[in-house]
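Please treat every number below as a calculation from the coordinates, not as lab data. None of the values given here were measured: they were computed from a predicted structure. Because the Cβ atoms are built from the backbone with ideal geometry, glycine has one as well, and the counts that use them run over all protein chains shown.
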Amino acid sequence: MSRPARLQSARHWLPTYKGKNIVRGYRKRYGVDWLCAVYELQMLGVELDPAYVAHLQTTMVQQRLARQHRKQQRQAERLQEMTIESDETYAYIIGYTSGGFPYGVTWEAWEALEDAGDVRAEKLSDDDCLPFVSVWSTSTVTRRPRSSR
């Protein structure tokens, strides 16, 4: 429902409202957020406590900041999962044997692939996060700096 339609409907609804919290009732009835409900009720001439409105505003800001923080944490976790594991022997560790020894592409083979142009040292895209991406093809991979060669 558009704002003009909500305001027209709310003019008839307001006298019939029997609840305790007019902002909550308006928000639920018309499917708007808290600040929109406050703004539209003020447009309709409803007197609201300024301390209550300020509290709602600070709560909405805190919720937005918390969502942004959670989103950044999820992105950091995804990036951490996407980094390629390597050590002083292997540039790209594909897996581990049953005895716990790593196997994969050695640094010498990696450098040969880079010299031949078969590996691009860029960030992984979402399409490249498939379980069977080939290192030998021109797939995009992330390269961690190694301590010594």
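Looking at region 28-105, the pairs of alpha carbons with a distance over 19 Å make up 64% of the total. Within region 34-49, which residues have the backbone N less than 11 Å from the label spot 7 Å out from GLN62 along Cα→beta-carbon, could you tell me? In region 34-49, the label zone of GLN62 (backbone N under 11 Å from the point 7 Å along Cα→Cβ) covers no residue.
For TYR92, the residues 5 or more places off, or on other chains, whose built amide H falls under 5 Å of its own are VAL105.
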